Amino acid sequence: MVVVTNSQMKQIEENSLKYSMSMKRLMENAGSAAAMFIRRTMEVDGKFCTVFCGRGNNGGDGLVVARKLYESGANVVVVLTDGDPATDQAKEMMELIAPMDVALVYYEKEDPAYLKERLEATDIIVDAIYGTGFHGQLDEKHRKICELINGTTAQVIALDVPSGVTCDTGFADEYAVIADMTIAFDSYKPLHVLPVSVGYCGEIKTADIGIPPQAHEGIEGQFILVDNEFVFSRLPKRRRDSHKGSYGKLLNIAGSQKYMGAAILSTMAAMRAGAGYVTLASTKEVCRTALPSLLEAVMLPLKQGKEGHISYESLPEILEALENSTALLIGNGLDVTQDTCRLVYEVLKNAKCPVIVDGDGINVISRNIDILKQTNCNIVLTPHMKELSRLTTLPIEQLKQDRYTIGANFAREYGCTVVMKDAYTATAGADGRMYINTTGNAGMAKAGSGDVLAGIIGGLAAQGIDLVTAAAAGAYLHGLAGNYAACKYSQYGMLPREIIDQLPKVFLHNDR
Ligand SMILES: NC(=O)C1=CN([C@@H]2O[C@H](COP(=O)(O)OP(=O)(O)OC[C@H]3O[C@@H](n4cnc5c(N)ncnc54)[C@H](O)[C@@H]3O)[C@@H](O)[C@H]2O)[C@@H](O)CC1
Ligand SMILES: Nc1ncnc2c1ncn2[C@@H]1O[C@H](COP(=O)(O)OP(=O)(O)O)[C@@H](O)[C@H]1O
Ligand SMILES: [K+]
């Protein structure tokens, strides 16, 4: 599904002007298409309809809808929330509606009691206050208006965007309009697919507003909703004549005395994701302890430092193992010590294969972010929100509002892929795209789930699957296996290790 950003939509609109389209025609088409959807979905003739119009082009679309619904027999009132229209084409739409028997009400001048009464009798509300031009938060006046809209029993139809939701981030003001139906003009925008905002949209319809297909040429969708088709069209079936060497070698540098489980979970997950060989490089003690649970893994036991972590003296052995690896996973349960810092930096500088950095690997990088610019390999970072905050030195609150832009900028600046783990994980690809994941559940909010994800991505990357796909597909598989685990063991009772146990079921259901 192609999802275009606000600025891309503006570009498409501008391109369409080259094909004898005009802004006024686009607005007329948008309003007409929206009115048609409304007529198709509900009875309009004789119904009470209230259209809330802002001053921008979204408001102009609303004026067209009002005219069309009036022509279909509805009793229509237009509430101008911010006075007269401000754009040329919206002004023209105002002139067209003026002679009609449609009441035009100025919100500020109107008696609140009349409005309340009108809304109580209203069957259909059209929200044309703000469209793609909105960003940030609603002011007090608009919050009140949205509260009025949300407080009715009428069907609420949002034009393009439920007012109060920001187009590209999906960030919704707490009073944003909650629509029953949103009519997206021409294309889906990020808010129509982002998990944070889809709940505000209700049913989403796309309306053809007459923009010629040529106007879309050269516009590449930046947001991708990861689904089964996306994942399994990219994960090849295993060839009958293949052998273990066909599926790559993952080197997993993980674990310390404090965090042994992280080494076990990540290694196990990588094996379950189909890698040919997985080598666990860890302290002797971790390797010895892990062996009974990791019978199929290769062990690279290393010298232990004073604090129970992998000693820096082990660097030569690690670099030798790295030579033969098709992917590297580094960071799970490593601990942050002087030794592990030096180790991570040196390994990253020497790696030539794809690298996945998780957990303490990320924490170590956050202390010296420029290390990312001194590498010769493709890197995936898998930070949760706190780790992303350390990496970007931005507060979590800001990340929550704008992590798509921030993540994309970070990925571009450092030339890496960033898996932003959260209830809804989003992967910012080094290719400039944003991959949105919707699988997973709150039963996964337990220590160890992230180690499982890192292992899955590492296992996929080792097999030669390109890193962005490995990251986006890994998050999807992880969440789906987590959903199976929750069905079997409940969200309260499930354990991260059971996400790994359910991974085969995900593959089985998809003939892999
Ligand atoms: N892109 C296209 O091809 C078309 C777009 N059309 C409509 O045009 C809309 C976009 O119109 P506009 O760009 O005029 O903008 P909007 O009508 O979405 O917003 C109006 C104004 O609100 C202001 N604003 C933004 N954030 C605010 C905040 N937090 N508090 C208060 N004010 C804020 C903006 O400065 C903007 O001028 C689309 O959503 C769509 O409905 C249609 O007319 C058809 C064609
Ligand atoms: N509410 C949730 N819904 C879906 N997935 C979740 C939820 N909470 C956590 N997860 C997933 O669980 C994993 C947790 O990772 P992380 O916090 O790094 O754990 P750890 O480092 O302890 O293993 C991430 O992949 C995250 O997306
Ligand atoms: K709107």
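What follows is calculated from the coordinates using simple rules that are stated; it is not laboratory data. Not measured: the values here are computed from a predicted model. Heads up, the Cβs are rebuilt from the backbone with ideal geometry, glycines too, and the neighbour counts pull from every protein chain shown.
How many angstrom lie between the Cα centre of region 1-33 and the Cα centre of region 131-176?
That distance is 22 Å.
Quick one: Tyr107, Tyr188, fewest Cβ neighbours within 10 Å first, how do they rank?
Sorted ascending by nearby Cβ count, the order is Tyr188, Tyr107.
Once you have a ≥ b ≥ c as the square roots of the Cα gyration tensor eigenvalues for region 8-86, tell me rounded if a/c is under 1.5, and otherwise prolate or oblate according to whether a/b is larger than b/c. Let's see the in-between values first.
Details: a/c = 2.81, a/b = 1.57, b/c = 1.79.
Because a/c hits 1.5 or more and a/b fails to exceed b/c, region 8-86 counts as oblate.
Loop-only check: which GluC sites (Glu not before Pro) in region 277-382 are DSSP coil with at most 12 other Cβ within 10 angstrom? Kindly include the intermediate steps, with their values, before the conclusion.
Values: sites: Glu285, Glu296, Glu307, Glu313, Glu317, Glu320, Glu323, Glu346; in loops: Glu296, Glu307.
In loop regions of region 277-382 (DSSP not H, G, I, E or B), the sparsely surrounded GluC sites (Glu not before Pro) are Glu296.
May I ask you to list the chymotrypsin sites (Phe, Trp or Tyr not before Pro) in region 1-103 that are in a DSSP loop and have at most 11 other Cβ atoms within 10 Å of their Cβ? All intermediate terms of the calculation are to be shown ahead of the outcome.
Details: sites: Tyr19, Phe37, Phe48, Phe52, Tyr70; in loops: Tyr19.
Sites meeting the loop and neighbour criteria: none at all.
Run the reach check for Lys205 against aspartates and glutamates, Cα to Cα strictly under 13 Å, same-chain hits fewer than 8 apart removed. What comes back?
Partners found: Asp160, Asp180, Asp186.
Glu317 to Lys144: FRET efficiency via 1/(1 + (r/R0)^6), r the Cβ-Cβ distance, R0 56 Å, to the nearest 0.05? Write out the running numbers ahead of the final one.
Details: r = 67 Å, r/R0 = 1.19.
Here the calculated transfer efficiency is 0.25.
For a quick check: sort His135, His243 by the number of other beta carbons within 10 angstrom, fewest at the front.
On the way: His135 14, His243 8.
The most exposed by this proxy come first: His243, His135.
For n ≥ 4 DSSP H runs only, could you compute -39500 (n - 2.57) per run for the chain, divide by its residues and tell me the 222 nm figure to the nearest 500? Display every interim value, and only then the final one.
Details: 19 runs with 220 residues, N = 512.
So the helix-based figure for the chain works out to -13000 deg cm²/dmol.
Under a plain spin-label model, where a point goes 7 Å from the Cα along Cα-to-Cβ, how far apart in nm are Glu307 and Ala86?
Taking the simple label geometry, Glu307 and Ala86 are separated by 5.4 nm.
Provide the FRET efficiency to the nearest 0.05 for the Lys116-Leu96 pair, computing r from the beta carbons and using R0 = 35 Å. Intermediate results must be reported in sequence, preceding the final value.
Working: r = 29 Å, r/R0 = 0.83.
The value I calculate is 0.75.
Could you tell me the relative contact order of region 6-221? Use alpha-carbon pairs under 8 Å, at least six residues apart, and round to a whole percent. Before the final figure, lay out the partial values.
Working: 446 pairs, mean separation 44.9, N = 216.
Computed over region 6-221, the figure is 21 percent.
Can you give the Rg and Dmax of region 195-284 based on its C-alpha atoms, in angstrom?
22.1, 67
How would you classify region 304-443 from its alpha-carbon gyration tensor, with a ≥ b ≥ c the square roots of the eigenvalues: rounded for a/c under 1.5, else prolate if a/b is greater than b/c, otherwise oblate? Mind dumping the intermediate values first?
Working: a/c = 1.91, a/b = 1.61, b/c = 1.19.
It is prolate, given that a/c is not under 1.5 and a/b is the larger ratio.
Grab the eigenvalues of the alpha-carbon gyration tensor for the chain, scale each by 5, take roots, and send me the semi-axes largest first in whole angstrom. Display every interim value, and only then the final one.
On the way: eigenvalues 564, 87, 84 Å².
They are 53, 21, 21 Å, listed from largest to smallest.
Where a Cα-Cα gap under 21 Å defines reach, which lysines qualify for Lys446, not counting those fewer than 8 residues away within the same chain?
Leaving aside lysines fewer than 8 places away in the same chain, those within reach of Lys446 are Lys258, Lys386, Lys400, Lys421, Lys488.
Given the convex hull over the Cα atoms of region 6-221, what projected area results after averaging over all orientations, in nm²? Each step should come with its number before you reach the end.
Working: hull surface 43.6 nm².
Orientation-averaged projected area of the Cα hull: 10.9 nm².
Stretched out fully, how many nm does the piece from Arg239 to Val2 gain, at 0.36 nm a residue minus the Cα gap?
Values: separation 237, 0.36 × 237 = 85.32 nm, distance 3.23 nm.
Net length gain for the segment: 82.1 nm.
To make sure I understand, if each residue's beta carbon is the centre and we count other beta carbons within 10 Å, what order do Leu119, Leu495, Leu302 fall in, fewest to most?
Working: Leu119 19, Leu495 16, Leu302 24.
Exposure proxy ranking, most exposed first: Leu495, Leu119, Leu302.
Assuming R0 = 45 Å, can you tell me the calculated FRET efficiency for the pair Gln374 and Cys487, based on Cβ-Cβ distance, to the nearest 0.05? Working shown, then result.
Working: r = 45 Å, r/R0 = 1.00.
About 0.50, to the nearest 0.05.
Among 438-450, 475-487, how do they line up by average Cβ neighbours within 10 Å per residue, starting with the highest? Mind showing how you got there, number by number?
On the way: 438-450: 18.5, 475-487: 24.6.
Those peptides, ordered most packed to least, come out 475-487, 438-450.
If the reach is capped at under 15 angstrom between alpha carbons, list the aspartates and glutamates near Lys306, excluding any in the same chain fewer than eight residues apart.
Partners within reach: Glu285, Asp335, Asp339.
Please go through the residue pairs Lys24/Lys141; Lys10/Lys373; Lys303/Lys349; Lys352/Lys505 and name each one whose alpha carbons sit more than 31 Å apart in this structure.
On the way: Lys24/Lys141 29 Å; Lys10/Lys373 34 Å; Lys303/Lys349 21 Å; Lys352/Lys505 33 Å.
Over 31 Å Cα-Cα: Lys10/Lys373; Lys352/Lys505.
Stretched out fully, how many nm does the piece from Asp466 to Ala423 gain, at 0.36 nm a residue minus the Cα gap?
On the way: separation 43, 0.36 × 43 = 15.48 nm, distance 2.44 nm.
Extending this stretch completely gives an extra 13.0 nm.
Filter the trypsin sites (Lys or Arg not before Pro) in region 82-149 down to the DSSP loop ones having no more than 10 other Cβ atoms within 10 Å, then list what survives.
Details: sites: Lys91, Lys109, Lys116, Arg118, Lys141, Arg143, Lys144; in loops: Lys109.
Sparse-neighbourhood loop trypsin sites (Lys or Arg not before Pro): Lys109.
For the modelled label position 7 Å from the Cα of Arg367 along Cα-to-Cβ, which residues of region 296-333 have backbone nitrogen atoms closer than 16 Å?
It comes to 305-313, 331-333, nothing else.
Give me the angle, in degrees from 0 to 90, between the Cα long axis of helix 260-272 and the longest principal axis of the Cα atoms of the chain, rounded to the nearest 10.
70 degrees
Which angle from 0 to 90°, rounded to the nearest 10, does the C-alpha axis of helix 140-150 make with the longest principal axis of the chain?
Taking Cα atoms only, the helix is inclined about 90 degrees.
Can you check what the net charge comes to around Ile129, using other residues whose Cβ is under 13 Å from the Cβ of Ile129 (Lys, Arg +1; Asp, Glu -1)?
Numbers: positive: Arg55, Lys141, Arg143, Lys144; negative: Asp61, Asp82, Asp127, Asp139, Glu147, Asp160, Asp173.
Around Ile129, the surrounding residues sum to -3.
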